[in-house]
Amino acid sequence: MELYNPLTIKLLKNKYGFQFAKSFGQNFLTDPEVIDGIAGGAGLGPDDFVLEIGPGIGVLTAEICRRAGKAASIEIDPHMVTVLHDTLAEFDNVHVIEQDVLKTDLKQIIEDEKGSCSHVKVLGNLPYYITTPIIMKLLTEHVPAECIVIMMQKEVAERICAEPGSRTYGALSVTVQYYCEVSMVMEVPRESFMPMPMVDSAVLRLDVRSKPAVEVKDEAMFFRCVKAGFSQRRKTLLNSLMTMGESKERVKAALEEAGIDPKRRAETLSLEEFGRLSDVFVK
């Protein structure tokens, strides 16, 4: 059964009486090249355990099952869970878990499900409205995955990939790049989905670093500086960093000690510069 075929999707919709739930961001892939691109971008093999987020009717899941050793797919919609038991019936290496990914202990699922697989990877077609919270959960909770290959709104992907000095560079860029090496796998036009969303998408591969991109004395302070710096993008660092509760004199002194012009804006700072700044505040 070609799950990516629009006719198949319509037949399943009629058979199970489900609706495309906007509240869950359900847009199902209908382009086999994209499915192959995601699975291929992750370099899946028989030694891999895949944690999939948001399987929908199992379009990507089926390809994961063909290539990987084992898989666990987290689906919040009970209607889709029923459909998945049908569409994935031919596979014995996948466990469908009905849970909210943002409220789930992902580390425990991996520990319980990976079996003898030696590599852990995360894949998914993420709901647009919770893309950032899911990524942040995966990274800040240190889910033990060596790579994360996910599809998201193209605009969000561009923000994650952005370099210092660009218009889209921000706190999300710094955070993801702090934890991961980021690469673009492919761009995905809106016509590749059913129903068709209003925006285009992109697939990113995040290779989780063995250690963060920069060494800092206090990670919490590093992210506090990043958050404060971007809290008022149009203001200089001297002004935006005062939202940390520090005096103007102390902020100015810290910037100068870190070798950063107080008149610069956060969008011009590299990860290394944010690291130096946070270390000064710690000291």
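Each reported figure results from applying straightforward, stated rules to the coordinates on display, with no laboratory input. Bear in mind that the values here come from a model prediction, so they are computed numbers and not experimental data. Positions of Cβ are backbone-derived with ideal geometry, glycine not excepted, and every protein chain shown enters the neighbour counts.
Numbers for the structure displayed
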| item | result |
| --- | --- |
| Theoretical FRET efficiency, 1/(1+(r/R0)^6), r = Cβ-Cβ of Arg167 and Ala213, R0 22 Å, to 0.05 | 0.50 |
| Relative contact order of the chain, pairs being alpha-carbon contacts under 8 Å that are 6 or more residues apart, as % | 15 percent |
| Between helix 219-231 and the chain: long-axis angle, C-alpha atoms, 0 to 90°, nearest 10 | 90 degrees |
| Descending Cα extents along the principal axes, the stretch 1-87, whole Å | 37, 24, 22 |
| Cβ-Cβ FRET estimate between Asp105 and Ser231, R0 fixed at 35 Å, reported to 0.05 | 0.65 |
| Where a label projected 7 Å from the Cα of Asn5 along Cα→Cβ would reach, residues of the stretch 177-199 with amide N under 15 Å | none |
| DSSP-defined beta bridges in the chain - what % are antiparallel, rounded to 5 | 45 percent |
| Separation in nanometres of the label points that stand 7 Å from Cα toward Cβ, at Met136 and Met196 | 3.3 nm |
| Crossing angle, helix 78-87 versus the chain [Cα axis fit, 0-90 degrees, rounded to tens] | 50 degrees |
| Among 159-165, 100-106, 53-59, 147-153, the order from most to least packed when residues are scored by Cβ within 10 Å on average | 53-59, 147-153, 159-165, 100-106 |
| Computed FRET value (nearest 0.05) for Ser183 with Glu249, which takes r as the C-beta separation and R₀ as 41 Å | 0.45 |
| Helical mean residue ellipticity (222 nm; -39500 (n - 2.57) per DSSP H run of 4+; nearest 500) of the chain | -11500 deg cm²/dmol |
| Span per principal axis, largest first, for the Cα atoms of the stretch 211-268 (Å) | 32, 21, 21 |
| Spatially proximal lysines relative to Lys107 (Cα-Cα < 29 Å; intrachain offsets below 8 disregarded) | Lys22, Lys70, Lys121, Lys137, Lys154, Lys211, Lys217, Lys227 |
| Read-out semi-axes √(5λ) of the Cα gyration tensor in Å, derived from the coordinates shown; its label in (i) 69, 18, 16; (ii) 40, 20, 15; (iii) 42, 30, 17 | (ii) |
